[in-house]
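The values are calculated or read from the model by the stated rules, or taken from the named source; none is laboratory data. Remember, it's a predicted structure, so these values are computed and weren't measured experimentally. Don't worry about glycine lacking a Cβ; one is built from the backbone with ideal geometry, like all the others, and counts go over all protein chains shown. What goes into the accessible areas is simple: the full protein's heavy atoms, side chains included, and nothing from ligands, DNA or RNA. Shrake-Rupley method; radii C 1.70, N 1.55, O 1.52, S 1.80 Å.
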Amino acid sequence: MQIHSLDKANLINELQCGTSLCRAVEQGRRADFALMLSMFSDDCRETSFIEDIDTAITDETVLRQRFNVPTAQKLQGELDDYQTSAAIANHFHRGGLASAKLQHYSTPEPLNYQPTDTIGLSEEVYQNLSGHTRRQLAQGSVNTPNIDYLYNHLSTAYRKDTLAIQA
C-alpha cells in the first residue's frame, strides 16, 4: 500500500516536498533524503520553467522587403560578379570615392573571388593536393571496389605469380 501511494506522489521538484527535504538534511536522515531525491522526475522538460515566446515566422526576404534593405553582400564571387566590380571601379574613376561607395552599397560586390576550377578551395591548397585527390574531387565520389573485385584481383595476381615462378 505504501509503495503504491509513493508511485502516485508524482514529485517533480523539491518545491512539492515543502520543508521535509530540508528537515531530512538538518536531522541527518540520509535514507529519507535519498528516497525523496529518487522520487523526483528526471525529465528536464518537467523541471525547467519555460516561457512561451512569440513564434511568428520572420523570413529574411520578408524583412528585407519590409525595411527596404538591399540584398546581402555575397562572400564568394562568381564570373557574373566581375561586371559589378568593374562598375564600381568605373564609378570611382568618374565620380570619386563617394560615387563608388554609393554604387557598392546599392549593389554590393562579393568579398572574395575564388579561382576557377579549384572546387571551392584556394589555389595554394588545390595545387598542394596530390593528383589522386584532385581526380577524386573532380569525380565527386570515390569508387570503392567491393570484396568480389578485390578477391578476383588477389587470386589473379597469385596465379600469375605462381606461373612466373614455375616458368
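At a glance:
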quantity	calculated
Exclusive hit being part of a loop (DSSP other than H, G, I, E, B), aliphatic (A, V, I, L, M) and either open to solvent by 100 Å² or more (accessible area, probe 1.4 Å) or in contact with a Lys or Arg (Cβ under 7 Å, 6 or more places away or on another chain) (or both), set I119, I53	I53
Test: residue in the range 139-146 that is assigned to a helix (DSSP H, G or I) and modelled with pLDDT of 80 or more	no
Restricting the range 23-48 to residues that are open to solvent by 100 Å² or more (accessible area, probe 1.4 Å) and either modelled with pLDDT of 85 or more or aliphatic (A, V, I, L, M) (or both), the residue that is farthest from Y105 (Cα to Cα)	Q27
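Quick grid of which residues meet (1) closer than 30 Å to T19 by Cα; (2) at pLDDT 85 or above; (3) among the charged types (D, E, K, R):
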site	(1), (2), (3)
I50	yes, no, no
P70	no, no, no
K74	no, yes, yes
D80	no, yes, yes
Q83	no, yes, no
D117	no, no, yes
